[in-house]
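One structure is given below, encoded as structure tokens.
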Amino acid sequence: MSAELAALDFPPPAAPGPFQLAPPVPADIALRSATGADLGFLRALYGELRADELACVPWPEPLKRSFLDQQFALQHRHYVAHHPEADFLVIERAGHAVGRLYLDRSGADWQLIDLGLLAAARGGGLGGALLRRMQALAGTCGANLALHVQRDNLRARALYERLGFRAGALAGHHLAMRWAPGDGVS
């Protein structure tokens, strides 16, 4: 791990306690608060999530790795600075890290900051199950659920729309989406 990554950390877990799972999320899935020890995995996940984007860039691998380290560190600092009360969670399947879920429950609208899964964990319904669980919890608390999706990420946008999220404003490369308890699927 680079020195820049080693200098990163997470704020203490948010009150009133971390986001809890319950059915219909698969039994072998768990969420836990991220720690500094997870930064290597989270950086690798970030790199995997950006792999297609960087595949056509003619840089040598060490330069790509350095770029990804810097971008991950900038994103991490931004998330922590702008969402200090968020739940920064690692998604585990059978005890092995497979993704991250960053959720800020501090406002009237809960903000899904990031949900990212390793390629091997995608396509089996885990992302949808986690989103439905967040919707159920938000609805129980009388909160809306808001997120931003890259406008060219049609697969993620289709999932959000199937789950009742409605498109909002377009800001640069991201589309705001919002779900309210009365909007449908949860």
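The values are calculated or read from the model by the stated rules, or taken from the named source; none is laboratory data. All values reported here derive from a predicted model rather than from experimental measurement. No Cβ is skipped: glycine too gets one built from the backbone with ideal geometry, and neighbour counts run over all protein chains shown. Surface areas here come from the heavy atoms of the whole protein model, side chains and all, with no ligands, DNA or RNA. Shrake-Rupley method; radii C 1.70, N 1.55, O 1.52, S 1.80 Å.
Just one residue in the set 130, 112 is without any contact (Cβ under 8 Å) to a residue 40 or more places away in the chain and hydrophobic (A, V, I, L, M, F, W, C); that residue is 112.
List, please: which pairs have Cβ atoms under 8 Å, are six or more places apart or on different chains, and start with a residue in the stretch 133-149 that is within 14 Å of residue 167 (Cα to Cα) and end with one that is among the basic types (Lys, Arg) and open to solvent by 30 Å² or more (accessible area, probe 1.4 Å)? Close Cβ pairs (under 8 Å, with a partner that is among the basic types (Lys, Arg) and open to solvent by 30 Å² or more (accessible area, probe 1.4 Å)) amount to 144/178; 145/178; 146/178; 147/178; 149/157.
The single condition among (1) modelled with pLDDT of 90 or more; (2) in a helix (DSSP H, G or I); (3) open to solvent by 70 Å² or more (accessible area, probe 1.4 Å) that residue 42 does not meet is (3).
With the structure loaded, tell me whether residue 113 is in contact with a Gly (Cβ under 6 Å, 6 or more places away or on another chain) and either part of a helix (DSSP H, G or I) or of a type in the set (A, V, I, L, M) (or both) or whether it fails that test. Against the criterion (in contact with a Gly (Cβ under 6 Å, 6 or more places away or on another chain) and either part of a helix (DSSP H, G or I) or of a type in the set (A, V, I, L, M) (or both)), residue 113 does not qualify.
Any residue in the stretch 82-103 that is of a type in the set (Gly, Ala, Ser), open to solvent by 10 Å² or more (accessible area, probe 1.4 Å), outside any strand (DSSP E or B) and closer than 27 Å to residue 35 by Cβ? Yes, the stretch 82-103 contains a residue that is of a type in the set (Gly, Ala, Ser), open to solvent by 10 Å² or more (accessible area, probe 1.4 Å), outside any strand (DSSP E or B) and closer than 27 Å to residue 35 by Cβ. Looking only at the stretch 79-94, residues that are more than 21 Å from residue 175 (Cα to Cα) and without any contact (Cβ under 8 Å) to a residue 40 or more places away in the chain come to 1 in all.
Scanning the stretch 55-73 turns up no residue that is open to solvent by less than 50 Å² (accessible area, probe 1.4 Å), without any contact (Cβ under 8 Å) to a residue 60 or more places away in the chain and touching an Asp or Glu at 6+ places or on another chain (Cβ under 6 Å).
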